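The values are calculated or read from the model by the stated rules, or taken from the named source; none is laboratory data. The structure presented is a predicted model; accordingly, all values stated were derived computationally and were not measured. So basically every Cβ, Gly included, is an ideal-geometry build from the backbone, and we count neighbours across all protein chains shown.
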There are 2 protein chains.
Amino acid sequence: MTGVVDREARSTAEQPDPCDLIRSVLARVGDKWTVVVMDELRDGPRRFNELRRLVSPITQRMLTSTLRGLESDGLATRTVHPTVPPQVEYALTDSGRALLTIVKSVATWADTHLDTVYAARATLKGPKS
Amino acid sequence: MTGVVDREARSTAEQPDPCDLIRSVLARVGDKWTVVVMDELRDGPRRFNELRRLVSPITQRMLTSTLRGLESDGLATRTVHPTVPPQVEYALTDSGRALLTIVKSVATWADTHLDTVYAARATLKGPKS
DNA sequence: CTGGATCCATGTTGATACTG
DNA sequence: CAGTATCAACATGGATCCAG
């Protein structure tokens with residue numbers, strides 16, 4: 001990532017390392033469920049089981065852990081409504097929304113370069129030896 | 001990813017599923033080494049052990065596997081020079097370069113939202129109970 | 001309804017040694 | 001130089017059961 005983020009620029013609040021953060025973000029959007037969940041939050045807040053249904057075959061454990069991940073990076077918020085039965089709403093933050101936009105540009109990239117990718121994969125499989 | 005890629009649009013060459021491809025790309029850039037390696041290829045071709053040194057504590061096994069991954073998605077090329085000792089050069093393709101650009105926008109995002117992320121992480125750790 | 005806790009199968013990574 | 005092969009450590013995800 002040289003040249004992308006000035007590692008020594010920010011004066012005092014020198015947290016771990018910007019590069020680590022970048023990697024952790026990439027790892028997060030690279031995991032199995034995060035992006036799908038974020039995408040389901042694009043139109044507004046969703047409740048836990050609502051997401052569970054929308055994201056189809058995700059397990060509770062994974063949904064919980066995915067949401068905790070989003071929350072812990074400030075990409076989504078968790079709002080508990082003290083009703084009975086309990087209701088919990090999740091919503092994207094502005095940060096999350098901004099990141100989702102970037103992720104969608106990856107989707108666009110994929111769409112644009114479909115041929116390249118499949119061609120490359122096919123070549124490695126069996127170019128007729 | 002609803003709305004990003006029209007799942008049914010492309011007529012005949014219906015490979016697996018664009019969504020799968022998107023996920024596989026996200027997973028690739030989300031892994032530990034891919035982006036770092038790509039970034040080292042940004043200024044031109046590099047040889048195997050050259051990359052090995054540049055990417056510091058990467059193991060041969062991981063470098064090989066990372067490069068194979070890039071190659072298999074058409075993000076980088078592998079050129080063998082039949083000299084002795086053998087020389088192998090890796091270079092980004094145009095696709096790879098385009099993807100790297102997008103990834104760098106994630107880096108920019110991270111830089112912009114540093115505060116949000118760290119604040120969220122700190123909040124989850126110990127908001128003074 | 002929301003989610004914590006546990007167990008377990010599987011995949012991924014690193015260390016190390018060996019090869020054309 | 002540029003890999004491959006093997007094995008062990010670890011992380012990840014799913015299934016299941018329990019609880020506020």
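Per-structure values
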{"quantity": "Qualifying residue in the range A:53-62 (condition: at pLDDT 95 or above and closer than 12 Å to A:Y90 by Cα)", "calculated": "no"}
{"quantity": "Where A:A107 falls short, out of the listed (1) within 11 Å of DNA strand C (Cβ to nearest atom); (2) surrounded by 19 or more Cβ atoms within 10 Å (Cβ to Cβ)", "calculated": "(1)"}
{"quantity": "Residue, nearest to B:V29 (Cα to Cα), within the range A:64-100, restricted to residues that are hydroxyl-bearing (S, T, Y) and out of contact with any helix residue (DSSP H, G or I) (no Cβ under 9 Å at 6 or more places or on another chain)", "calculated": "A:S65"}
{"quantity": "Residue list for the range B:50-88, restricted to those being more than 13 Å from DNA strand C (Cβ to nearest atom), over 30 Å from A:L114 (Cβ atoms) and surrounded by 13 or more Cβ atoms within 10 Å (Cβ to Cβ)", "calculated": "B:E50, B:L54"}
{"quantity": "One residue from A:R121, A:R78, A:R46 being at pLDDT below 95 and among the basic types (K, R)", "calculated": "A:R121"}
{"quantity": "Matching option when the condition is more than 16 Å from DNA strand C (Cβ to nearest atom), more than 7 Å from chain A (Cβ to nearest Cβ) and touching a residue at least 60 places away in the same chain (Cβ under 8 Å), among B:L100, B:L92", "calculated": "B:L100"}
{"quantity": "Residue that is nearest to A:A122 (Cα to Cα) [pool: residues in the range B:45-56 that are assigned to a loop (DSSP other than H, G, I, E, B) and within 14 Å of chain A (Cβ to nearest Cβ)]", "calculated": "B:V55"}
{"quantity": "Number of positions in the range A:67-89 that are within 14 Å of chain B (Cβ to nearest Cβ) and within 15 Å of DNA strand D (Cβ to nearest atom)", "calculated": "7"}
{"quantity": "Conditions (1) touching a residue at least 12 places away in the same chain (Cβ under 8 Å); (2) within 30 Å of B:T101 (Cβ to Cβ); (3) part of a helix (DSSP H, G or I): number failed by A:L63", "calculated": "(2)"}
{"quantity": "Selection within the range A:27-49 - more than 25 Å from A:P86 (Cβ to Cβ) and within 12 Å of DNA strand C (Cβ to nearest atom)", "calculated": "A:A27, A:G30, A:D31, A:K32"}
